[in-house]
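The values are calculated or read from the model by the stated rules, or taken from the named source; none is laboratory data. For clarity, every value in this text was computed on a predicted model and none was experimentally measured. Because the Cβ atoms are built from the backbone with ideal geometry, glycine has one as well, and the counts that use them run over all protein chains shown.
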Amino acid sequence: MSTQTTGRPCAAVRREDLVPVCPNCDTELPEIHFRKQEGSFGIGRGFVFFCPHCRKVMGFGTQWYPFPG
């Protein structure tokens, strides 16, 4: 069963007073490590983002760029 809400859309709020927490080891993350991945013939190129404490993978991306603001 899905619920649908009406009204205002979800908002992204910038919070400089909070530090993210690793979903695997529950350690605060003042930084996140990443490594460039390159596959054969250029397939699978991108980045893998991981916790600097437990080194478990937190996500993948195809580009790395500074976020605005």
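Worth a mention:
- Taken together, Glu16, Glu38 contain a single residue that is among the acidic types (Asp, Glu) and modelled with pLDDT of 90 or more, which is Glu16.
- Candidates Gly44, Gly69 - the one that is surrounded by fewer than 10 Cβ atoms within 10 Å (Cβ to Cβ), in a loop (DSSP other than H, G, I, E, B), modelled with pLDDT under 90 and small (Gly, Ala, Ser): Gly69
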